[in-house]
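Worksheet: one structure, shown below.
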Amino acid sequence: DDGTIAIGESLQYLTQLQTLDLSQNQIGARGTSTTLNFLQNGIGDADTGTQAIGESLQYLTQLQTLDLSSNAIGNAEDTGTQVIGESLQYLTGLQTLDLSSNWIGNAGDAGTQIIGESLQYLLQLQTLDFSQNQIGGYGDIGTIVIGKSLQYLLQLQNFDLSQNFIASGFTNITNGIL
């Protein structure tokens, strides 16, 4: 996790970065033994690497593509997901956001809600991939917020929310689209 934290803290200096691909790195999984220790004993923070990445994103205002897919974001706790969500609002030129194949929504609905709230600022977004997460599994509020934010994404061409748990929140998604 120290390496992820170091990378996360350094990202803030790459203010001209246009593409950030940190996919398939297990950013949210601090390691089985550490995560188990955290879950069993409350020792440490199992999500510090994700938080460090999330905190630096707000400085990457030139970013057009953000790929954090196939990590374990949201696996052990929701704090990192929340921090990523809070930083997204600053990425107003973002065209592609891929958060697929994570655990977003697994450890709570707050991170999903914050990500949903930030979507309204991503007016240039053309591709949005939330597939293969746990969205809706912990509650419908995050799904509702995502649905309501879709009305602002007029440039959106590709939207993938497959393989989540949105059955009861589906009406809110479609209301946002229509």
Task: Ordering of 96-105, 148-157 by burial proxy (mean other Cβ atoms within 10 Å per residue, highest first) - done: 96-105, 148-157
Task: Sorted peptide list for 78-90, 62-74, criterion being average Cβ within 10 angstrom, highest first - done: 78-90, 62-74
- [ ] Work out how much length Gln26 to Gln163 would gain on full extension: take 0.36 nm times their residue separation and subtract the Cα-Cα distance, in nm to one decimal.
- [x] 47.4 nm
Task: Modelled label reach - Leu154, point 7 Å along Cα→Cβ, the stretch 91-113 residues with backbone N closer than 15 Å - done: none
- [ ] May I have the convex hull volume per residue, in Å³, for the Cα set of the stretch 55-178?
- [x] 77
TODO: Quick one: net charge around Phe130, please, counting Lys, Arg +1 and Asp, Glu -1 for every other residue with C-beta under 12 Å from its C-beta.
DONE: -3
Open item on the list: Just the number please: accessible area per residue for the stretch 93-156, 1.4 Å probe, all protein chains included, in Å².
Closed with: 38
Open item on the list: Tell me the net charge near Gly147. Cut-off is 14 Å between Cβ atoms, Gly147 excluded, with +1 for each Lys or Arg and -1 for each Asp or Glu.
Closed with: -2
Task: Cα→Cβ-extended label distance, 7 Å offset, between Gln18 and Asp2, nm - done: 3.6
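The values are calculated or read from the model by the stated rules, or taken from the named source; none is laboratory data. Quantities reported herein were computed from a predicted structural model and do not represent experimental measurements. Positions of Cβ are generated from backbone atoms using ideal geometry, with glycine treated the same way; all protein chains shown enter the neighbour counts. To get the accessible areas, we keep the full protein, side chains included, count just its heavy atoms, and leave off ligands, DNA and RNA. Shrake-Rupley method; radii C 1.70, N 1.55, O 1.52, S 1.80 Å.
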